[in-house]
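**Student:** Can you keep this structure in mind? I'll have questions shortly.
The values are calculated or read from the model by the stated rules, or taken from the named source; none is laboratory data. From a predicted model like this one, the values you see are computed outputs, not experimental measurements. So basically every Cβ, Gly included, is an ideal-geometry build from the backbone, and we count neighbours across all protein chains shown. For the accessible areas, the whole protein counts, side chains as well, though only heavy atoms, and no ligand, DNA or RNA atoms are used. Shrake-Rupley method; radii C 1.70, N 1.55, O 1.52, S 1.80 Å.
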Amino acid sequence: MKGKIVCITGGSGTLGSAISKGLAESGATVYLLDRNKNAAENLIAQTKQDGLDIRFVQSDVLNEDLMEKAIDEIIGQSGRIDVLINGAGGNMSGATIMPDQSIFDLDIDQFRKVNDLNLLGTVIPTKAVAKPMVKAKKGCIINISSMSALIPLTRVVGYSASKAAVDNFTKSMAVELIKKYGEGIRVNAIAPGFLVANQNRALLMNEDGSLTSRGQTIIDNTPMGRFGKPEELVSTIKWLCDDKSSFITGIVVPIDGGFSAFSGV
Ligand code: NAD
């Protein structure tokens, strides 16, 4: 990663922070492209003393103009972008059907927002960063998918549909960019299993730290019998970014303690 210029949307979030730290520790310059300035500044302050080169450019993955300006600003500062990680994403309660609800309770506005954030929030930064990457004939794009893209998680309808779309978009872009611009730009995704983060903590753990019944079901279906740690995503991302991984494009790599391989028997 030494000397690589990395942009990460959602870089101030739970997974984004761990990935940013891990890549900066390996010598990358990391730009956090996030709308949350406070969290970004905290991360930069925490890591500055370790000599990590993490920078912040405020942006919104749903605003094409702002995203293009942010990418231009980074190119102005660093001359190029080697890696884009599309890490901004999330869920909303109205896009999930709770146990006492049915399809008739789905909130279409929230369903749309979840799909916008996860899918368009991947498409817009990809489009913006593709310009300098096409010019350089080189680049690496990594999307963040989910276990729910493979088989939808019960009740999590909006999020699952949007992450399935992210997998599909990953493959589309991998092929599209090669066909038009040659093999230098690669597009892959990682599909993390279950990690405890701000967005899902209440679903997985009770206030006393014990598991909810959903959390227990997940652990029972994860052969390693534990949740993952955000730092455990870093090595796969480094592998996908490596110039020596030059024949790898269009794949979605599960990082899940065996969850997607387990039949439940
Ligand atoms: P998080 O909420 O901690 O972080 C998300 C970040 O995205 C935040 O910093 C937020 O400010 C930023 N963001 C949100 N909307 C934005 C916008 N419009 N423009 C710019 N930035 C925006 O979430 P997380 O748990 O770190 O998840 C990161 C990604 O990983 C998401 O795509 C999520 O779906 C995926 N994921 C998480 C898990 C998990 O277990 N935590 C598992 C699989 C996949």
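**Student:** Taking only Cα atoms and a 10 Å spring cutoff, compute GNM fluctuations for the chain and point out the largest among K21, K238, K48.
**Tutor:** Result for the chain, Cα springs under 10 Å: K48 fluctuates most.
**Student:** Using the Kirkwood radius over Cα pairs, work out the Stokes-Einstein diffusion coefficient for the chain at 4 °C and 1.567 mPa s, in µm²/s as a whole number. Provide the component values of the computation, followed by the final result.
**Tutor:** On the way: Rh = 18.9 Å.
The calculation lands on 69 µm²/s.
**Student:** While we're on this one: Before anything else, pin down the relative contact order of the chain: Cα pairs under 8 Å, at least 6 apart, normalised by residue count, whole percent. Before the final figure, lay out each step's value.
**Tutor:** Details: 508 pairs, mean separation 46.5, N = 265.
18 percent.
**Student:** Quick one: with all protein chains in place, what share of the accessible area of the chain is carbon or sulfur, to the nearest percent (1.4 Å probe)? Each step should come with its number before you reach the end.
**Tutor:** On the way: 7050 of 13250 Å².
Percent of accessible area from carbon and sulfur atoms in the chain: 53.
**Student:** Out of the trypsin sites (Lys or Arg not before Pro) in the stretch 85-169, which ones are loop residues according to DSSP with at most 11 other C-beta atoms within 10 Å? Numbers along the way, then the final one.
**Tutor:** On the way: sites: R112, K113, K127, K135, K137, K138, R155, K163; in loops: K137, K138, R155.
Answer by residue number: K137.
**Student:** Residue by residue, what Karplus-based ³J(HN,Hα) values in Hz, rounded to whole numbers, does the stretch 126-139 have, using 6.51, -1.76 and 1.60 with θ = phi - 60° and x for Gly and Pro?
**Tutor:** Once θ is set to phi - 60°, the couplings for the stretch 126-139 become 5, 4, 5, 7, 4, 4, x, 5, 5, 4, 7, 6, 7, x Hz.
**Student:** Continuing with the same structure: Which whole-number percentage describes the relative contact order of the stretch 149-220, with Cα contacts under 8 Å and a sequence gap of 6 or more? If you can, show how the numbers build up before the last one.
**Tutor:** Numbers: 43 pairs, mean separation 11.7, N = 72.
Relative contact order of the stretch 149-220: 16 percent.
**Student:** Work out the length of the dipole vector of the chain about its Cα centre, built from +1 on the beta-carbon of each Lys and Arg and -1 on the beta-carbon of each Asp and Glu, and round it to the nearest 20 debye. Spell out each step's value before the answer.
**Tutor:** Details: 28 positive and 28 negative charges, 174 e Å.
Dipole about the Cα centre, nearest 20: 840 debye.
**Student:** Which value, in Å², gives the accessible area per residue of the stretch 109-265 when a 1.4 Å probe is used on the protein heavy atoms? Could you put the intermediate results ahead of the total?
**Tutor:** Details: 8080 Å² over 157 residues.
Using a 1.4 Å probe on heavy atoms only, each residue of the stretch 109-265 averages 51 Å².
**Student:** About the Cα centre, and with charges only on the beta carbon of Lys, Arg (+1) and Asp, Glu (-1), how big is the dipole of the stretch 16-149? Nearest 20 debye, please.
**Tutor:** For this selection, approximately 600 debye.
**Student:** Quick one: 3J(HN,Hα) in Hz for the stretch 81-88, Karplus 6.51/-1.76/1.60 with θ = phi - 60°, rounded, Gly and Pro as x.
**Tutor:** 10, 8, 9, 10, 10, 8, x, 6
**Student:** Taking the dipole about the Cα centre of the stretch 85-153, with the C-beta of Lys and Arg at +1 and of Asp and Glu at -1, give me whichever of M98, N115, L153 is farthest to the positive side.
**Tutor:** N115
**Student:** Right, another one. Which entries in the list K48/K244; K21/K180; K131/K238 go over 28 Å, if you measure between the two C-alpha atoms of each?
**Tutor:** Going by Cα-Cα distance, K48/K244; K21/K180 fall outside the 28 Å limit.
**Student:** So what's the gap between the Cα centers of the stretch 148-204 and the stretch 35-58, to the nearest angstrom?
**Tutor:** That distance is 26 Å.
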